[in-house]
Amino acid sequence: MSCTGLMQNTSITYSLYNTSSGDTAATSGLIPPEDTVIIVPLRDFAPRILLHKPENLAGSLIYTIIFLIIFAVIRLRGKNLFSLLMNVVAKKKKYEIVLNEGITQNLVYYFLSLFLSFSILSIAFTYLTRQDFDPHQILYTLGYLTGWHLLLICILRLCSWTFNTRAAGEESIINLWAYHIVGGLIVSPFVLATFFVKEFAIPLMIRITVMCLILFYLVKFARWVGILFAYKVPIFYMILYLCALEVIPWLVLYRLLV
């Protein structure tokens, strides 16, 4: 029988159980000679996405060193910036106290912290969607997240000025800086670890990163709802803001990367 004939008369059946050679021989007599049935255990037919470490190890090492240097500079010169932001996230300090403790004087360190956070998130999102550390996609994502952050600040400033709600605008902007900075930094150890761990440990690092981000942004979403309710924002405007400026940008970023 030719190979062409075998391919035309072959059917594949997936089974949850392994089939021994004896069972195959016993059932072979019931199958017409011109047909062939190949029984493949379903658990052996499990395609996996291969996760690779970055090929440019020197570039990963340089980025890690730069990240740690900038982080150390912010810790030493940023006037307790990280502790202030963590207190805002944990609701242990009011936004007025953060404003009085010098957000304008520390603006450079706020932007450096934002750069660290968004760079980590850009690496994580690029790896999750491309299964690779593509430098061009990482820079593209970093620019997108930075532009989104600045756009949110401008919109919040405009809304607070238009509706004469300065307190609501200031509190929203403080929380925006806090959540955008802390969100990337809390997962930075796991993202940086993917550069250097063995390949079998990369899926674990990715799962921990995804779980932390999901929980963190659920807390952020609940916090935004609390702020909007506290200032008696109509439900229509609340839904409009959350959908248009918090949910849709992430969907657009996912669509662009995928």
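Laboratory data are not the source of any read-out in this text; all were calculated from the coordinates shown. Everything numeric here is computed off the predicted structure, so don't read it as measured data. Neighbour counts are summed over all protein chains in view; Cβ atoms, including those assigned to glycine, are modelled from backbone coordinates with ideal geometry.
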Exercise. What net charge is computed for the residues neighbouring Leu156, neighbours being all others with C-beta under 14 Å from the C-beta of Leu156, Lys and Arg scored +1, Asp and Glu -1?
Worked result: -1
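Just subtract the alpha-carbon distance of Ala193 and Arg223 from 0.36 nm times their residue separation and send over the number in nm, one decimal.
Details: separation 30, 0.36 × 30 = 10.80 nm, distance 2.99 nm.
Between Ala193 and Arg223, full extension yields 7.8 nm more.
How much length is gained if the chain between Thr64 and Asn87 is pulled fully straight, taking 0.36 nm per residue apart and subtracting their Cα-Cα distance, in nm to one decimal?
5.6 nm
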Problem set entry | Rough spin-label spacing in nm, given labels placed 7 Å along Cα→Cβ, for Leu215 and Tyr254 | 2.1 nm
Seminar exercise, completed: For the stretch 99-258, whose charge dipole is built from +1 on Lys and Arg Cβ atoms and -1 on Asp and Glu Cβ atoms, the candidate among Leu151, Phe133, Ala230 with its Cα farthest towards the positive end is Ala230
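Find out how many positive minus negative residues lie around Val225, taking Lys and Arg as positive, Asp and Glu as negative, among other residues whose Cβ is under 15 Å from that of Val225.
Values: positive: Lys91, Lys220, Arg223, Lys232; negative: Glu171, Glu246.
Net of charged neighbours comes to +2.
What's the ranking of 186-197, 67-78 by average number of surrounding C-beta atoms within 10 Å, highest first?
So the order, starting with the most tightly packed, is 186-197, 67-78.
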Seminar exercise, completed: Quick calc: nm separation of the 7 Å Cα→Cβ label points for Leu57 and Tyr231 -> 5.1 nm
